[in-house]
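**Student:** This is the structure I want to talk about, given as structure tokens.
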Amino acid sequence: MKPETVCGLDIGTTKTCAVVAVDGPNGLEIVGVGEAPSLGMRKGVVVDLDETIKSIEAATEKAERMAGMHVADVFVGITGDHIRSTNNRAVVAVSGEDREVSSTDVRRVVDASKIINLPADRQIIHALPRYFTVDGQEGVDDPVGMAGGRLEVDTHIITGGSSFITNVLKCVHRAGLEAAGLVVEPLASSTATLMPEEKQVGVVLLDIGGGTTDIAVYSLGSAIYTATIPVGGNILTNDISLGLKTTLAEAEEVKKRLGAGIPNDVTEEAFAVRTLDGRSTKEHTASQLRAIVVPRVLETLRMAKQKIVDNVPRDLVLGEVVLTGGGALLPGIGPIAEDVFGLPVRVGAPNTIGGLTDAMAQPQYATAIGLVMFGAGDDGAETNGRRRRNGSVLGWIKKSLADLWN
Ligand SMILES: Nc1ncnc2c1ncn2[C@@H]1O[C@H](COP(=O)(O)OP(=O)(O)OP(=O)(O)O)[C@@H](O)[C@H]1O
Ligand SMILES: [Mg+2]
């Protein structure tokens, strides 16, 4: 097999990150990464085309230089609170006379499941089969080759606002790149951080970025709900800057160092921050900082929880919450999330891909690395030490991209 190059482009609210990987006989291996500040994005969507193009060019050039190769096609992450999801079901009659399910039947039934009521300004980004049903037998993962006359599919459908997507694609094109596919960021981050067992048992993934929090809920192995809310870690920095009357840079530093701290911490650490005019410093205590940070973290997590409660079946079993994205590094966030969700919480970082440096095995790179994994058709599952491939996914995302232009 000739090694294939796969690239991911995560245009975040705080940073743009390009990852180049080579898909060879030993699986996916990262060979180049590049990062640049994002100045043209707000809450996950483009607000300044020129700045966004510059960030894409800078990040991609760095990744190309490191990889020693030119990049032409990228899997592009899409986020923003225009992302919606729904689940649908469709049925087709198996077409062959031998009554054996073919890959064409699978494609037909998945396409049929995409027939949903969609306003003119929205489009389908993914139609992900959750499971198939053959002649009433539910829970079939791969029906191709099975005997049967009636094929059904349950799909998870993710849609986005067309103009938001077009703006991202405009920037990608003007930066001299082609989009190999679009991947919503909650799916990408899940691919990089969630274990197959977690997806099976039931898990909530929250990617807390700078301007957005991506939500994905998995149950019985597949995504059942995906969404994005327009709040992330940057609002905490703003709150701290206002609350302590200090610069955004100081506020960001304090946030990363002390964050929400440990409740009732015995050591009431005092710290000094520069005043806004930069001429003097003022002392504050960790509990003053907590009084600013904790309510905002609670609010964000409760918003995410409410979205989930409103949109997943009441009897859905969930075993865990996984936090990723830069916001997951906030000191003290774990216990707060455990309280809000009433579930065990872990911080998830991408770690199941070759060529990963320590610097990249961090929550803020979950999306970029997940884009490459998803693009390569790697669903993050591992069996007997070998990555399990789900090659058909690639076909579907390419197809959905084609749909965009029709
Ligand atoms: N150690 C840390 N503690 C607390 N917050 C942190 C830490 N490191 C990064 N962050 C915060 O994480 C956010 C950036 O995260 P990330 O890089 O995942 O965002 P992004 O992908 O650029 O944005 P988005 O996904 O919202 O479009 C910023 O708000 C930053 O302050
Ligand atoms: Mg992000």
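Laboratory data are not the source of any read-out in this text; all were calculated from the coordinates shown. No experiment lies behind these values; they were computed from the predicted model shown. Quick reminder, even Gly has a Cβ in these numbers, built from the backbone with ideal geometry, and neighbours come from all protein chains shown.
So that you can scan it fast, the table gives a plain yes or no per residue for (1) over 19 Å from ILE157 (Cβ atoms); (2) within 15 Å of ligand 2 (Cβ to nearest atom); (3) in contact with a Ser or Thr (Cβ under 8 Å, 6 or more places away or on another chain); (4) not acidic (Asp, Glu):
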position: GLU198; (1), (2), (3), (4): yes, no, no, no
position: SER219; (1), (2), (3), (4): no, no, no, yes
position: LYS245; (1), (2), (3), (4): yes, no, yes, yes
position: GLY259; (1), (2), (3), (4): yes, no, no, yes
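**Student:** Scan HIS126, HIS156 and give me the residue that is touching a residue at least 24 places away in the same chain (Cβ under 8 Å), under 19 Å from the mean Cα position of the chain (by Cα) and surrounded by fewer than 24 Cβ atoms within 10 Å (Cβ to Cβ). Don't jump to the end; show me each part of the working.
**Tutor:** Values: HIS126 fails: surrounded by fewer than 24 Cβ atoms within 10 Å (Cβ to Cβ).
Just one listed residue meets the conditions, HIS156.
**Student:** Determine which single condition GLU138 fails, assuming it passes every other condition in (1) among the acidic types (Asp, Glu); (2) outside any strand (DSSP E or B); (3) exposed (fewer than 15 other Cβ atoms within 10 Å of the Cβ).
**Tutor:** It fails just one condition, (2).
**Student:** Are any residues in the range 314-352 at positive phi and buried (at least 17 other Cβ atoms within 10 Å of the Cβ), and if so, which ones?
**Tutor:** Within the range 314-352, GLY325, GLY332 qualify.
**Student:** From the list THR237, THR228, THR191, exactly one residue is in a strand (DSSP E or B), within 16 Å of ligand 2 (Cβ to nearest atom) and among the hydroxyl-bearing types (Ser, Thr, Tyr). Which is it?
**Tutor:** Values: THR237 fails: in a strand (DSSP E or B); THR191 fails: in a strand (DSSP E or B).
Unique residue meeting the criteria: THR228.
**Student:** Mind checking whether some residue in the range 333-341 is within 12 Å of ligand 1 (Cβ to nearest atom) and either farther than 21 Å from VAL317 by Cα or of a type in the set (A, V, I, L, M, F, W, C) (or both)?
**Tutor:** Scanning the range 333-341 turns up at least one residue that is within 12 Å of ligand 1 (Cβ to nearest atom) and either farther than 21 Å from VAL317 by Cα or of a type in the set (A, V, I, L, M, F, W, C) (or both).
**Student:** Check PRO143, PRO186 and return the single one that is in contact (Cβ under 8 Å) with a residue 60 or more places away in the chain and either under 18 Å from ALA227 (Cα atoms) or out of contact with any Pro (no Cβ under 9 Å at 6 or more places or on another chain) (or both). Before you say what the answer is, go through the steps one by one.
**Tutor:** Values: PRO143 fails: in contact (Cβ under 8 Å) with a residue 60 or more places away in the chain.
Exactly one of PRO143, PRO186 is in contact (Cβ under 8 Å) with a residue 60 or more places away in the chain and either under 18 Å from ALA227 (Cα atoms) or out of contact with any Pro (no Cβ under 9 Å at 6 or more places or on another chain) (or both), namely PRO186.
**Student:** Look through the range 4-27, keep the residues that are under 19 Å from the mean Cα position of the chain (by Cα) and more than 11 Å from ligand 2 (Cβ to nearest atom), and return whichever of them is surrounded by the most Cβ atoms within 10 Å (Cβ to Cβ). First the steps, then the outcome.
**Tutor:** Within the range 4-27, the subset under 19 Å from the mean Cα position of the chain (by Cα) is 6-21.
When the remaining residues are screened for being more than 11 Å from ligand 2 (Cβ to nearest atom), the result is 6-9, 18-21.
Working: VAL6: 27, CYS7: 26, GLY8: 32, LEU9: 32, ALA18: 32, VAL19: 34, VAL20: 26, ALA21: 30.
Result: VAL19.
**Student:** What's the total number of residues in the range 6-31 that are within 16 Å of ligand 1 (Cβ to nearest atom) and either in a strand (DSSP E or B) or over 18 Å from ARG42 (Cβ atoms) (or both)? Let's see the steps before the verdict.
**Tutor:** Here is the first cut: in the range 6-31, the ones within 16 Å of ligand 1 (Cβ to nearest atom) are 8-19.
Subsequent filtering for residues that are either in a strand (DSSP E or B) or over 18 Å from ARG42 (Cβ atoms) (or both) retains 8-11, 15-19.
Of the residues in the range 6-31, 9 are within 16 Å of ligand 1 (Cβ to nearest atom) and either in a strand (DSSP E or B) or over 18 Å from ARG42 (Cβ atoms) (or both).
**Student:** Could we say that ALA304 is within 16 Å of ligand 2 (Cβ to nearest atom) and either exposed (fewer than 13 other Cβ atoms within 10 Å of the Cβ) or in a helix (DSSP H, G or I) (or both) here?
**Tutor:** Values: within 16 Å of ligand 2 (Cβ to nearest atom): yes; either exposed (fewer than 13 other Cβ atoms within 10 Å of the Cβ) or in a helix (DSSP H, G or I) (or both): yes.
Considered against the rule, which asks whether it is within 16 Å of ligand 2 (Cβ to nearest atom) and either exposed (fewer than 13 other Cβ atoms within 10 Å of the Cβ) or in a helix (DSSP H, G or I) (or both), ALA304 comes out as yes.
**Student:** Could you list, ordered by first residue, the pairs with Cβ atoms under 6 Å in which the first is in the range 321-350 and closer than 19 Å to ILE308 by Cα and the second is away from ligand 1 (no atom under 15 Å from the Cβ) and among the aromatic types (Phe, Trp, Tyr), at least 6 apart or interchain?
**Tutor:** VAL321/PHE341
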